[in-house]
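A short worksheet on the structure shown next.
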Amino acid sequence: MNLQENIKRILREELELSSYFRRRIDMETLEQIYQYVLKVVSKKYADNKKHLKAMTPNKFNQLVTSNLIEDVCENFELEFGEDDNRFTQLWDFLSNYYSKRNIKHFYDIRLNKNNSRLKFDIQKLVDDRIIFVTEPGDGQGGVTKPNWEGDCSVITLLNLTDEELELNPWRREAIDKPFPECIPYVQDRQSDWDKEKYQQVIDSIEIRGGEIDNYTI
């Protein structure tokens, strides 16, 4: 999402803010402040091994929000204490609006630092219908029976959008043909996924409204 799209989205949501903030906060400047704060906080977090080990997605979001609200108040000359309702409203707004971007950035940092991937709990992902381990596609627009150990399809929520189903209608049939016997194989071989499939799983967890850490082992 580019800067202009971000601005349009936040303007659609700005009724959540009181007229006090709508008169004082320029959304384009807010985005620039956010980008700067995110960069500074990320560097401190990534360079500190102790913080790297102890940090969680929610703590990272709170850390960014804490630094962001300080810079926002200074830049826009907002003066109120932490016990003021306006402070709480601004905190909630910034925390909620930037939370998905902050959490995604958190995992990007952790993956880059560790040079490794998260290991997912495949059974839990299946139980919560975030991914579907099914009988395999036959390559001709249908579904077929497995021909060898591990012969199955892993379908994510992102594979089930209207656009994706139009291109691959067999997936609609496949999700009604689960293949639970293949789940242990997928669990053991998930490191073989390409980057696209790996990211699809992360995005599908977020679509479902889940916390990524709840689906890792």
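The values are calculated or read from the model by the stated rules, or taken from the named source; none is laboratory data. For clarity, every value in this text was computed on a predicted model and none was experimentally measured. FYI the Cβ positions are ideal-geometry reconstructions off the backbone, even for glycines, and counts take in every protein chain you see.
Within the stretch 188-217, residues that are of a type in the set (A, V, I, L, M, F, W, C) reach partners that are modelled with pLDDT of 85 or more and surrounded by fewer than 13 Cβ atoms within 10 Å (Cβ to Cβ) with beta carbons closer than 6 Å, at six or more positions or on different chains, in the pairs Ile217/Lys119. Considering the stretch 129-145, the residues that are exposed (fewer than 15 other Cβ atoms within 10 Å of the Cβ) and either of a type outside the set (S, T, N, Q) or at pLDDT 95 or above (or both) include one that is nearest to Asp213 (Cα to Cα), namely Arg129.
The residue list Arg86, Arg110 contains one member that is touching a Phe, Trp or Tyr at 6+ places or on another chain (Cβ under 6 Å), farther than 15 Å from Glu206 by Cα and at pLDDT below 90, which is Arg86. Would you confirm whether any residue within the stretch 182-191 is modelled with pLDDT under 90 and either loosely packed, with under 13 Cβ neighbours inside 10 Å or on the phi > 0 side of the Ramachandran plot (or both)? Within the stretch 182-191, one or more residues are modelled with pLDDT under 90 and either loosely packed, with under 13 Cβ neighbours inside 10 Å or on the phi > 0 side of the Ramachandran plot (or both).
Criterion applied to Gln187, Gln123, Gln200, Gln140 was being polar (S, T, N, Q) and part of a loop (DSSP other than H, G, I, E, B), and the one residue passing it is Gln140.
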